[in-house]
Amino acid sequence: MLLYHNKSLFALSLTRLGSVFYRWDSILWGLVIAGMGCGVQYWLDSGDLDSAIQNQYGFQAFGVGLTFCIVFRAQNAWNRYWEAVTQLHFMYSKWTDAFSLFQAFAEVTKMAAEKSNNESKIDYLLEKQRKLRATFALLSAVAVDRLSKGDTSMMDSASCGVKSRGQLRVQRQHMTYELNLIPTHLFDRACAPSGQSGYVVPELPCDERKKILENAHDATTLAMYWILSELADAMEMIDIATPIQSRLYQELSSGMLGFNNCLKIADVPYPLPFAQLLGLLLAAFSCFIPVYVILFTRSPIAGPILCLLLFESLWCLSEVAKELENPFGDDANDIPLTEFHLRFVDTLEDVSKAGQNSLLRKQLMGLHGSDIDDTHPLVETDADSSDSSDASDSSDDISRRTIVREAF
């Protein structure tokens, strides 16, 4: 996915990276059509060509219908692209919420365990937090790897024509599953865009998990199962009400729904009959462009130029639709899945930082003004609760709370 400055028309028009206009095949066929226009102009100058074509109504009707079909495909392609971006953000949002919920539940439980000197419970929760952080990162890695190797991407990379889904499934079963994982401490962000290819994880999985992933038919569902197993084992130690804990499972389920919506786009291509028909119509229309444009302009200069521009406008719009129809891939205009994964791993590390968790244990959770004297009853103490029946003491509490709020 390319980011660009939209206010500079001149610089934007000359940008070649990610452009469909400056591709060699687009320019080549455009020059061929323009050359055909020059040939038609020479034929017109040397003979009586215009007597064979009395009007251009048929060509105009053909062009209007073809333009509508191309714009229709481009609109559907943009809808697929935007839906993919939306569902990908939705997926990571839900998985981030789920991990943050467990981290918050575990930290509150550890605070209570520290007051009761329950060291075994603290160690148990610390180990669960470490495992879940690594497994969430692994879940993200296998998810984006599956999206980048969808059925449409495999067909584009293989350039093997047409295959049924059953044939492609058999091909997948004979493929060696490779997942390039990079530990966080070995990842160099400076050369990541071009020098490193892989998925960053806090910890590498053990050999047993790697072997299971290599033999799995659906690695994403398997990683989600590992997370659910860890959570089910840890929830009995969490000092949070069960109805509140269920929210965590709902977020995980919603995240998997977003993943499957992305997978729908990655595996289901644009319908073959429409794509085939549109390609044939575009090829036929391109052959008639030189004839009708030259008869309309009757100029050896303006005619070939208009042939080139008319062809490029329809051809490039069709190529834009092809680019957007498969948003998960390695092209410049595709969605950067590895960047989404890296941002997710960074979020996991931010939520898991020990310094942040210790900061949240302070009385005012690290907010400005945490050095206010303890005599300010921002939170009502037991003594205040026992004396709340006294009207004068209640009014004093209210006035003192007002002072603290004004201090903030």
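The values are calculated or read from the model by the stated rules, or taken from the named source; none is laboratory data. Bear in mind that the values here come from a model prediction, so they are computed numbers and not experimental data. As a convention, Cβ positions derive from the backbone with ideal geometry for all residues, glycine included, and neighbour counts pool all protein chains shown. Accessible surface is based on the protein model in full, side chains and every heavy atom, while ligands, DNA and RNA are left aside. Shrake-Rupley method; radii C 1.70, N 1.55, O 1.52, S 1.80 Å.
Stretched out fully, how many nm does the piece from residue 89 to residue 112 gain, at 0.36 nm a residue minus the Cα gap? Kindly include the intermediate steps, with their values, before the conclusion.
Numbers: separation 23, 0.36 × 23 = 8.28 nm, distance 3.48 nm.
Result: 4.8 nm gained on full extension.
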Q: Give a residue-ordered list of calculated ³J(HN,Hα) values for region 313-321 (Karplus: 6.51 cos²θ - 1.76 cosθ + 1.60, θ = phi - 60°; whole Hz; x for Gly, Pro).
A: 5, 6, 5, 5, 5, 5, 5, 4, 4
Q: Within region 222-258, which residues have the backbone N less than 15 Å from the label spot 7 Å out from residue 119 along Cα→beta-carbon, could you tell me?
A: none
Q) ³J(HN,Hα) across region 20-35 via Karplus (A = 6.51, B = -1.76, C = 1.60, θ = phi - 60°), whole Hz, x for Gly/Pro? A) 9, 6, 8, 6, 5, 5, 5, 5, 4, 5, x, 5, 5, 5, 5, x
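Pull out the extension gain between residue 22 and residue 60, defined as 0.36 nm times the separation in residues minus the alpha carbon to alpha carbon distance; nm, one decimal. Don't skip to the answer; put the middle values down first.
Numbers: separation 38, 0.36 × 38 = 13.68 nm, distance 2.73 nm.
Gain on stretching residue 22 to residue 60: 10.9 nm.
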(Q) Distance between the C-alpha centers of region 19-37 and region 288-311? Whole Å please. (A) 14 Å
Q) For residue 79 and residue 241, FRET efficiency with R0 = 45 Å and r from the beta-carbon atoms, rounded to 0.05? A) 0.60
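Grab the Cα-Cα distance for residue 350 and residue 185, subtract it from 0.36 nm times how many residues apart they are, and report the gain in nm with one decimal.
Details: separation 165, 0.36 × 165 = 59.40 nm, distance 1.51 nm.
57.9 nm is the gain from fully extending residue 350 to residue 185.
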Q.
List the residues, sorted by chain then number, that are 5 or more residues from residue 181 or on another chain and whose placed amide H is less than 5 Å from its amide H.
A. 199
Q: Anything over 30 Å Cα to Cα? Flag those among 94/121; 121/353; 115/210, in the order listed.
A: 115/210
(Q) Heavy atoms of the protein only, probe of 1.4 Å, neighbouring chains included. What is the accessible area of residue 114 in Å², nearest 10? (A) 80 Å²
